[in-house]
1. Can you name every residue in the stretch 36-60 that is exposed (fewer than 10 other Cβ atoms within 10 Å of the Cβ) and either assigned to a loop (DSSP other than H, G, I, E, B) or among the small types (G, A, S) (or both)?
2. Any idea which of A33, A63 is small (G, A, S), touching a helix residue (DSSP H, G or I) at 6+ places or on another chain (Cβ under 9 Å), surrounded by 10 or more Cβ atoms within 10 Å (Cβ to Cβ) and without any contact (Cβ under 8 Å) to a residue 60 or more places away in the chain?
Amino acid sequence: MSTTVTLRLDDAVKDKLEKLAESTHRSRSFLAAEAIKAYVDSNEWQIAEIHQAIQEAETGDFASDAEVKAVLGKWNAQ
């Protein structure tokens with residue numbers, strides 16, 4: 001199922017979208033929907049991770065000094 005959404009674009013973005021649609025043989029609508037989906041998915045993930053981190057911080061769930069040193073040691077190993 002899909003729905004129609006109307007949005008405003010700057011002329012420069014609209015022109016780029018039209019050129020991209022022509023060169024990829026896709027519709028502007030398809031490309032815009034794909035871009036919005038990617039944006040929403042990325043931000044949804046980031047917000048969920050932030051909320052989880054806040055909950056962990058509120059419960060005092062932090063890495064110990066030894067855990068941090070162990071991870072840093074992996075990066076410094078050559």
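1. T59, G60
2. Every option except A63 fails the conditions.
Bear in mind that the values in this text are calculations on the coordinates, not laboratory data. Note that the structure is a prediction, hence the values are computed from the model and not measured. Cβ sites come from the backbone with ideal geometry, for glycine too, and all protein chains shown count toward neighbours.
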